[in-house]
Amino acid sequence: MCGIIGYSGEQNAPEVLLKGLARLEYRGYDSAGIAVLKGEVIKIIKKQGKLEILKEEIRLRPLEGTTGIGHTRWATHGEPSDRNAHPHNDHREDVAIAHNGIIENYKQLKKELEESGHIFKSETDSEVIAHLIAKEYKGDLRLAVNEAAKQLKGSFAIAVMHQNEPDRIIGIRKDSPLVVGLGKHENFIASDIPAVLEYTKEIIYLENNEVVDIKKGKCAVYNEEGVPIEKIATTIEWNIAQAEKTGYKHFMLKEIFEQPEVLKQTFKKRIKNNKEVVFEELRISEDVFKETRDITIVACGTAYHAGLTGRYMLEKYARLSVGVDTSSEFRYRDPLITKNTLVIVISQSGETADTLAALREAKKKGAKVLAICNVLGSTMAREADGVIYTHAGPEIAVASTKAYSAQLGILYLFTHYLARVRGEAGNCPADFIEKLTKLPELAARMLKHYRKNENKIKEYAAKFHQYYLASDNKSCFLYLGRNINYPNALEGALKLKEISYISAEGYPAGEMKHGPIAVIDENTWVVCIAVKSDTYEKMLSNIQEIKARGGIIVAIVSEKDLTLKGKEADYVIAIPETDEIFSPILVTIPLQLLAYHVASEFGYDIDKPRNLAKSVTVE
Ligand code: G6P
């Protein structure tokens, strides 16, 4: 939630900041602003609404300077408005700050500051930071930031400038992400790597309470006590094209199409000699896995659905009991975790507040924690005992697609690995690796058909749009799946809700008679995952039951199966045939495309759906 950026160098800061903010917009987009320091004056321009509005304002009222900070907001305290947009300054306009996080004790601080004469302009929690730093300032901005930070409760990543200190930006973080980008004669701080990727691939990850002090030719990091510390920069493999749309209309569509390659890379890096899974970067020894008695998977949103899918494969092949929980529930329910429990946290960003809290809770209870993360060096990747990276490249669209299939890919690999390490390899089919490594090719084939317009998903989405309007906006979606594709029913419904704002519910098909059947009528579109499986016949019965009640069936079937075509199913989407256990990765692609095209029919902002943010770094 919220993205921040800071720049000190030789380029025109507003340009660098606006480009960076465009790559952070996925973190929040209800207002944006920049502050630029020139001479001894800080000028701020901030606007409610998307970044384009701010850009237009800056085109009309150009700002100049080579040092600046920027912010893109997802409102927590105070409605989206020009006044509540960041950067904020103190009433004397000495200090400007951009903040990501929540200051929990802001009311108390505000009261004290107001009593000592500070005048506030916004309803935000963040504004207290600017006032506090101004109050603590005695000629050295870093020391003032340090002093102010000691008084803040909550989470923060902050970029700060002071009008007396040309070229200088101070950054500090606690429980909100902040990276430093090292350039030639220029340095950056940002909430996430894509913001600076165009300028540098040399990245330093800040730990909690570390302070970074940047100028155009200088970068120094200090610990909480103010002692300088040596930090090693990591060279990022991502390239800027991965953070651009490269001809696609939306990042979401681009990311859907990237899935075959992402999966290929996921498998290639970990499968040795076509038979064995090896995780080179894993920091947990095999002995720990041998001692593991049970597994708990914890995650939010789409990553939670990956975890639910993981349960089916881990239980079936690694023969361990697996519990799956949403992070926000896990962290407060005092779960039964022992030192022999392996807790797996799954997170694209590695920064989701609830999942991070769950990770810490699990560690406190003595469990070993393995993180499956996409963002290199993210907080979860660093704090977990071990990490497996999904290496899906930057995912920009708010609705997760390629990170999800990469998470599934890793879970398959980890299942095979765990089964081997625990002496359960015999449970895995002999052709497990062979079938798994075929998935990228099958996904690519499916997407190629789709591109050639042999796939009808776009047409179906247009039909739904017509129905929706004709039904006086009553049409809704139900997604049904069974067994390992049940989580995909949840994920399909989530994708549609996220970007189309259509009411959609995912359900295990076997539970249909315990509630959902009551809502089925001629306005209900039911997506039935009916690919070849052990429960296929049961899904056919569900379809009959839905049909009998007037529901409209969209069936996802295996490509050679003609059972439903032109009969019970109103619409059929075929996917390449594979074993049921491997089908979720293929099933999810048409579900993603269906959500994408429905949202597209409604003309919504697909990459930046209302009210959502990609990284939920507050509770
Ligand atoms: C938000 C995003 C989702 C994502 C979830 C978990 O809700 O909009 O797309 O699945 O957070 O994020 P994480 O980074 O932990 O995977």
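One decimal place: the segment residue 151-residue 522 gains 127.7 nm when fully extended, by the rule 0.36 nm per residue minus the C-alpha distance.
Divide the volume of the convex hull around the Cα atoms of segment 1-60 by the residue count and you get 81 Å³ per residue. Once the 1.4 Å probe is applied to the protein heavy atoms, segment 472-619 comes out at 36 Å² accessible per residue. Counted residue by residue at 0.36 nm each, then reduced by the alpha carbon distance between them, the extension gain from residue 451 to residue 230 reaches 74.6 nm. Let me test this: with uniform point scatterers at the alpha carbons of the chain, what is the Debye-based log₁₀ I(q)/I(0) at q = 0.11 1/Å? Each listed q corresponds, in turn, to -1.05. Normalising by residue count, segment 36-147 has a Cα convex hull of 107 Å³ per residue. Shown is the FRET efficiency for residue 544 and residue 459, computed with R0 = 35 Å from the Cβ-Cβ distance and rounded to the nearest 0.05: 0.90.
What FRET efficiency comes out for the pair residue 11/residue 329, r = Cβ-Cβ distance, R0 = 45 Å, nearest 0.05? Write down the numbers at each step before the final one.
Values: r = 46 Å, r/R0 = 1.03.
Between residue 11 and residue 329 the formula returns 0.45.
Spin-label model, residue 76/residue 563: points 7 Å from Cα along the beta carbon direction are separated by 5.0 nm.
The accessible surface of the chain, taken with every protein chain in place and a 1.4 Å probe, is 47 percent carbon and sulfur. Extension gain, residue 218 to residue 268: 0.36 nm times the residue separation minus the Cα-Cα distance gives 14.1 nm.
What's the FRET efficiency of residue 280 with residue 437 using the Cβ-Cβ distance as r and R₀ = 25 Å, to the nearest 0.05? Display every interim value, and only then the final one.
Values: r = 18 Å, r/R0 = 0.72.
Computed FRET efficiency for residue 280 and residue 437 comes out at 0.90.
For segment 134-144, 3J(HN,Hα) computed residue by residue from phi via the Karplus equation (6.51, -1.76, 1.60; θ = phi - 60°) reads 4, 5, 7, 5, 10, x, 9, 4, 4, 5, 5 Hz, glycine and proline entered as x. Remark: segment 28-82 carries 45 Å² of accessible area per residue (probe radius 1.4 Å; ligands, DNA and RNA excluded).
Summarising the strand pairing of the chain, around 60 percent of its internal DSSP beta bridges are antiparallel.
When the charge dipole of the chain is built from unit charges on Cβ atoms (+1 for Lys and Arg, -1 for Asp and Glu) and taken about the Cα centre, the candidate among 97, 536, 3 whose Cα reaches farthest toward its positive end is 536. Label separation (residue 514 vs residue 338): 2.9 nm, computed from points 7 Å beyond Cα along the C-beta direction.
The modelled label-to-label distance between residue 291 and residue 473, using points 7 Å beyond Cα along the C-beta direction, is 5.8 nm. Only DSSP H runs of four or more residues enter the estimate; each adds -39500 (n - 2.57), and after division by the residues of the chain the mean residue ellipticity at 222 nm equals -10500 deg cm²/dmol. Compactness of segment 375-434, taken as the C-alpha radius of gyration over 2.2 N^0.38 Å, stands at 1.37.
A P(r) calculated from all alpha carbon pairs of segment 378-477, with 10 Å bins opening at zero, reads 11, 25, 29, 21, 12, 2 percent.
Convex hull volume of the C-alpha atoms in segment 321-387, normalised per residue: 74 Å³. For segment 196-298, the list of GluC sites (Glu not before Pro) that fall in a loop by DSSP and count at most 10 other C-beta atoms within 10 angstrom reads 225, 230, 237, 280.
The values are calculated or read from the model by the stated rules, or taken from the named source; none is laboratory data. Quick caveat, the model's predicted, so the values are computed rather than measured. Cβ sites come from the backbone with ideal geometry, for glycine too, and all protein chains shown count toward neighbours. Side chains are part of the model used for accessible areas, which takes the heavy atoms of the whole protein and leaves out ligands, DNA and RNA. Shrake-Rupley method; radii C 1.70, N 1.55, O 1.52, S 1.80 Å.
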